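Working notes, structure below.
The values are calculated or read from the model by the stated rules, or taken from the named source; none is laboratory data. Keep in mind that what you see is a predicted model, and the values were worked out from it rather than measured. For neighbour counting, all protein chains shown are included, and Cβ atoms are generated from backbone atoms with ideal geometry for every residue, glycine included.
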Amino acid sequence: MINNNKYRVLVIDDEVHIRKACRKALENKEFIVDTAGSVEEGKKFIKSRFYNVVLLDIKLPDISGDKFIRDIKYHYPGTEVIMITGYPDVETAISTMKAGAYDYLEKPFDIEKLRTLVKQAAFKGKVLIVDDDEGVLRTIKRIINEKFPEIEVRTADNIQKMKNLLKIDKSDILFLDIHLKYCDGLKAAKEIIKNNIMEPAKIVLMTGDTQADIKIESKKMGILQILIKPFTPYKIEEIINEKIKPGAEI
């Protein structure tokens, strides 16, 4: 499993100096960068691990990037694609954006612009909601989608599905029900923290139980907040604004 505190970026370009420049500009404590010189080589990387962002050259020797982007967005909708082009024109820009590109960069590109664009694409907020009550899943997802449409919301109705989703990609906030049908949510939260999958300050525990011992235990663990059911939309908005802050300067 990859380090969940880092984002993965894949650069697909047939020019060696472009690949080296992108790696040098981006690889740091926040990003892991892989590079490929062709679509075929890029496919091997994409099939083996999840990438938050793919930098994809439009003109490649084997398959054109504007065709490959459609495959990426179809099979890996959570991956953002930034197109790179040395031949900018309005038609190209429109076609790639229609295909699902996050944005595009013109060669030769400014390094600071590259960094900013990749950060914006990678750091979009992501929320995971875990509850075996379908009504609760729908309610929280609707609140977030209405107020924060730029945030990606994923849901799970059991612990195994939650674990699978967290292995694929990190989340900025985890809403986790304590009393799941076949599992203790509090125990699951402890396991997540112990294995460094998520920081406790990014976990919100949900419960209809107001017992003091749950609050005390959560405080010891460093949990962000206990959300008592039934909750108001304002409480969800407050948590999102505090921890993700959409639109904040990077």
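For region 9-36: of the residues being over 20 Å from TYR104 (Cβ atoms) and either of a type outside the set (S, T, N, Q) or not assigned by TED's automatic domain parsing to the domain that holds GLU80 (or both), which is modelled with the lowest pLDDT? In this case the residue turns out to be LYS29.
Looking only at region 107-114, decide whether some residue is in contact with a Lys or Arg (Cβ under 9 Å, 6 or more places away or on another chain) and surrounded by fewer than 17 Cβ atoms within 10 Å (Cβ to Cβ). Yes, some residue in region 107-114 is in contact with a Lys or Arg (Cβ under 9 Å, 6 or more places away or on another chain) and surrounded by fewer than 17 Cβ atoms within 10 Å (Cβ to Cβ). Within this structure, THR210 fails the test of being within 19 Å of ILE140 (Cβ to Cβ) and of a type in the set (Val, Ile, Thr).
Do we find that GLU146 is over 21 Å from PHE68 (Cα atoms) and free of Cβ contacts under 8 Å to residues at least 24 places away in the same chain in this structure? Outline the logic, then answer.
Working: over 21 Å from PHE68 (Cα atoms): yes; free of Cβ contacts under 8 Å to residues at least 24 places away in the same chain: yes.
So GLU146 passes the test.
Could you name every one of the strands (runs of 3 or more DSSP E) located completely within region 135-235 that has at least 1 residues being under 19 Å from the mean Cα position of the chain (by Cα) and not hydroxyl-bearing (Ser, Thr, Tyr)? Please lay out each step first, then the result.
On the way: elements: 152-156, 173-177, 203-207, 225-228.
Those strands (runs of 3 or more DSSP E) span 152-156, 173-177, 203-207.
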